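Presented below is the structure to which this report refers.
The values are calculated or read from the model by the stated rules, or taken from the named source; none is laboratory data. Computed from a predicted model, the values in this text were never measured in an experiment. Virtual Cβ from ideal backbone geometry, glycine too; neighbours counted across all protein chains shown. For accessibility, only protein heavy atoms count, side chains too; no ligands or nucleic acids. Shrake-Rupley method; radii C 1.70, N 1.55, O 1.52, S 1.80 Å.
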Amino acid sequence: MKDTFLDANFPKTADGRVYHLGLRMGEVANRIIAVGPPSRAEDIATFLDERSEDLFRLTSERAFLTITGHYKGVPVSIVSIGMGNPNMDFVVREVRECVQGDMLMVRIGSCGCLDESLPVGSLVVPSASVAVNRNYDFDFQSSPSNDNAYLISKPVIALSTSNNAPSVCPEPEPAVEIKCNTVNASADSFYSSQGRLTSFLDHNEDLIERLQARVPNLSTLEMETFHLFHLASVWRPRPLEGNHLTIPPTNLPVDPTISPRSSKFTALPSSPAQAKSINLHSESAPAARIRAAAVHMVFANRITGDFVTPERAESLQKWAGEKVLQALAGFAVDASRLHPEEGSVWES
Ligand code: R1P
């Protein structure tokens, strides 16, 4: 950590950069694809309008990568978030502080599938998710039973289905099998909370059967979607003191690695003259909202034991990435619900 952060409640640098993603206002677009590994972000970024070297790229000290550009003229960002609910929490909350208006966030992630009929290399688009968490109050050392070793939450609904958000269930093609309107389970670990057996005392031998019995239409297991859906469903705009966030001038570079430095996509603002006062919660603007959806790529089938090949994984994430870009860009959002173009890294 090289920067001085202000405000222990929500740490930001003096020039408005959030603590973990390293972003500030105008560097992340309203339409966002959230992926796990940076290689997936780069694969999907090949569909953006700009040449790769002209895209805005920011890698934070904590290894979150944000790529911002346009898809068919519509500003979009692709964020590589790493793994797990805590990382999803950083991304949703910190991006929320860096963009005015609506957030439309679609996760494209890999998953294990519990539906024997869906082969690896398929896509699943859930309409809801439950959470599966290890119960730390359970006596893992000596309890004779497996009951209560894991906590299974009630489902939370994807806002894509309940709130006029972009439909991300694409038309299937012969090469890609797609199943929509299923239920997902997001676990707090890859191993124990997804019923994988290791050398640890996890009391999870019958966890998958218990999940299937408890959650109707359960189809996939992964680690982030529940938290995305949950945060999207509970977020409400909160008027800030003074109603304005003033971004003071700064001398870049700071901690994050930002590229390119000299093209039209430069970090903001670069001189005192460009310092802006951004109205975060104008009373005349419609209340902002977060709309969330997820597309899960079946990398493993937990019933048959099959695992996807690297070639198929790469082609599937590109195919899914392009379809989600099309859905996001094609979803009409009124200009009053979007971050102002002026002063942003996507300003033309
Ligand atoms: C585990 O291998 C990781 O893969 C899945 C899980 O949710 C977890 O993050 O998603 P990603 O492919 O998006 O990382």
When all protein chains stay in place, what accessible area (Å², nearest 10, 1.4 Å probe) is found for C180? 40
Accessible-area ranking of D102, D43, D7, largest first, probe 1.4 Å: D7, D43, D102
What residue among F5, N181, A45 has its Cα farthest toward the positive end of the dipole of the chain, where the charges are +1 on Lys, Arg and -1 on Asp, Glu, each on the Cβ? F5
Report E171's accessible area, 1.4 Å probe, all protein chains in place, as a number in Å² to the nearest 10. 150
Running Debye on the chain with equal point scatterers at the Cα sites and no solvent, what base-10 log of I(q)/I(0) appears at q = 0.11, 0.13 Å⁻¹? -0.74, -0.99
Spelling out what I want: for every residue of the stretch 98-112, take phi, set θ = phi - 60°, compute 6.51 cos²θ - 1.76 cosθ + 1.60 (Karplus), and round to whole Hz; glycine and proline get x. 10, 9, 8, x, 6, 10, 10, 10, 10, 8, 10, x, 8, 8, x
Using the crude model of +1 on Lys and Arg Cβ and -1 on Asp and Glu Cβ, and no other charge, please compute the dipole size for the chain relative to its Cα centre, in debye to 20. 600
Across the chain: Cys residues that no other cysteine approaches within a C-beta distance under 4.7 Å: C98, C111, C113
For the chain, percent of DSSP beta bridges that are antiparallel (nearest 5) comes out at 50
Output the antiparallel fraction of DSSP beta bridges having both residues in the stretch 39-192, as a percent to the nearest 5. 65
Over the chain, what percent of the accessible surface lies on carbon and sulfur atoms, probe 1.4 Å? 52
Top mean-square fluctuation among T66, T198, T257, Gaussian network model of the chain, C-alpha springs under 10 Å? T198
Taking only Cα atoms and a 10 Å spring cutoff, compute GNM fluctuations for the chain and point out the largest among S199, S189, S259. S199
Below 19 Å Cα-Cα, how many Lys pairs turn up in the chain? Only count pairs eight or more apart in sequence, or on different chains, if you could. 8
Under 5 Å from the placed amide H of K12, counting only residues 5+ away or on other chains, we find L6
Considering the chain as a Gaussian network with a 10 Å cut-off on Cα pairs, which listed residue, Q326, Q100, Q212, attains the greatest mean-square fluctuation? Q212
What do you get for GluC sites (Glu not before Pro) in the stretch 305-348 restricted to DSSP loop and a cutoff of at most 14 other Cβ within 10 Å of the site's Cβ? E341, E342, E347
At 222 nm, what value in deg cm²/dmol follows for the chain if DSSP H runs of at least 4 each add -39500 (n - 2.57) and the sum is divided by all its residues, to the nearest 500? -5500 deg cm²/dmol
Could you tell me which helices of the chain pass both thresholds, a Cα extent of 18 Å or more along their own axis and a mean Kyte-Doolittle hydropathy of at least 0.0, with helices taken as whole DSSP H runs? none
From zero up to wherever the largest Cα-Cα distance of the stretch 1-153 sits, split into 10 Å bins and tell me the percent of pairs in each. 9, 31, 29, 20, 9, 2
